[in-house]
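Take a look at the structure below.
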Amino acid sequence: MSTFKALMITKDDAGVQHLDWKQLTEAELMEGDVVVRVTHSTINYKDGLFLSAKSAIPRKSPMIGGIDLAGIVESSSHAGFKAGDAVLLNGYGLSETHYGGYSEKARVKGDWLIKLPAGIDAHHAMAIGTAGYTAMLSVLALEKHGVKPSDGPVLVTGAAGGVGSVAIAILSKLGWHVIASTGRPEEADYLKSLGASEIIDRKELSEPARPLGKERWAAAVDSVGSHTLANVLAMTKSHGAVACCGLAQGMDLPASVAPFILRGIALLGIDSVMCPMAHRLEAWKRLATDLDLKKLDAMTRTIAFSDVIAEAAKIVKGGIRGRVVVNIA
Ligand code: NDP
């Protein structure tokens, strides 16, 4: 392919961002030692912000969106990869400082790439995407802290979203009693089909929190932040742990120190973007064994590359259920 299609944001002199479909040549790509023919990408919350063309996500202009990609290596001068390898990439500044996955071709650092784990093809890798890999990082963090299903239930907030849906599927397979918090009661059957045992209305958690509340769960995966996270902490059982990975309600944390100093609760921060490679490899290895692909399929829709802008507008309004794969090829 001499030229290829990419979705690019350019900032004009007045600081206004313009989102355009472009035809690029390989020479116009950014630096890297591996060229990938991108076959699939996905839509995460951050991609929705990027494609709103009003966000602070792109830190350079021009910039190509898409924090995730999967595809086939076309050429490589990196010792770890050769032409024909099937690979995936999550984060590492894609769509912020380096051209991302909304492009039929990408040139990236081989150090950022992961070979597709056995049993996971490019479609499933992007059905998982950063959202699903973040859910797995959250589960790993809880495990490393030492909480286990016999300690009590686990709460998942933002349950019907991408991180939430994958977290429910993984945690239920690992034997946890999963409580799903959602603002979409109509998705109760969907959440139960993924493995949730109880559904609660997110309104129970979204108002300002008291320092401590009734102890309701031993662990939590929170993709919502703000008052919700404060309430989650206040209602976590003594010596439990909460993995904090998102900000769907807000970036603030209006909480007190009471859960930490009176109940020994641990707040575990999750960063997928610059997560060290060893942790990524561990997460992808566990995704290959601990995520039921039938449940992944049930939570995933596939869209054409040309539909990505319209779909992305929905995710920032909390309007997407589960995961969306973007068929780039
Ligand atoms: P989604 O939009 O798919 O899911 C977010 C969910 O949060 C929604 O589906 C909704 O669930 C809930 N929600 C939305 N708005 C509100 C609100 N105002 N108050 C309470 N709940 C709300 O996004 P993702 O799953 O892709 O990402 C979730 C969050 O995690 C985002 O903030 C994202 O930036 C962050 N994230 C962080 C990463 C990291 O590296 N730390 C990596 C990936 C994501 P429901 O309808 O069930 O209530």
Single match in 304, 255 (criterion: free of Cβ contacts under 8 Å to residues at least 40 places away in the same chain and among the small types (Gly, Ala, Ser)): 304
Hits in the stretch 113-130 (condition: in a helix (DSSP H, G or I) and open to solvent by 10 Å² or more (accessible area, probe 1.4 Å)): 122, 123, 124, 130
Unique match (being closer than 25 Å to residue 293 by Cα and touching an Asp or Glu at 6+ places or on another chain (Cβ under 6 Å)) among 101, 91: 101
So residue 99, is it in contact (Cβ under 8 Å) with a residue 24 or more places away in the chain and either buried (at least 22 other Cβ atoms within 10 Å of the Cβ) or among the acidic types (Asp, Glu) (or both): yes
Residues of the stretch 163-189 satisfying the condition of being over 22 Å from residue 249 (Cα atoms) and either within 13 Å of the ligand (Cβ to nearest atom) or open to solvent by less than 30 Å² (accessible area, probe 1.4 Å) (or both): 169, 170, 171, 172, 176
From 246, 250, 269, residue being under 15 Å from the mean Cα position of the chain (by Cα), within 12 Å of the ligand (Cβ to nearest atom) and more than 26 Å from residue 123 (Cβ to Cβ): 269
Index of the failed condition, residue 160 passing every other in (1) assigned to a helix (DSSP H, G or I); (2) open to solvent by less than 10 Å² (accessible area, probe 1.4 Å): (1)
Any hit, the stretch 54-64, residues being assigned to a strand (DSSP E or B) and assigned by TED's automatic domain parsing to the domain that holds residue 309: yes
Number of the condition not met by residue 110 [criteria: (1) surrounded by fewer than 24 Cβ atoms within 10 Å (Cβ to Cβ); (2) closer than 29 Å to residue 220 by Cβ]: (2)
Those residues of the stretch 118-148 which are touching a Ser or Thr at 6+ places or on another chain (Cβ under 9 Å) and not small (Gly, Ala, Ser), in sequence order: 123, 124, 126, 128, 130, 133, 134, 137
Filter result for the condition that a residue is more than 15 Å from the ligand (Cβ to nearest atom) and either without any contact (Cβ under 8 Å) to a residue 60 or more places away in the chain or under 18 Å from the mean Cα position of the chain (by Cα) (or both), over 106, 6, 56, 14: 14
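The values are calculated or read from the model by the stated rules, or taken from the named source; none is laboratory data. Being a predicted model, the structure only gives us computed values, none of them experimental. Don't worry about glycine lacking a Cβ; one is built from the backbone with ideal geometry, like all the others, and counts go over all protein chains shown. In case anyone asks, the SASA skips ligands and DNA or RNA and just uses the protein heavy atoms, side chains included. Shrake-Rupley method; radii C 1.70, N 1.55, O 1.52, S 1.80 Å.
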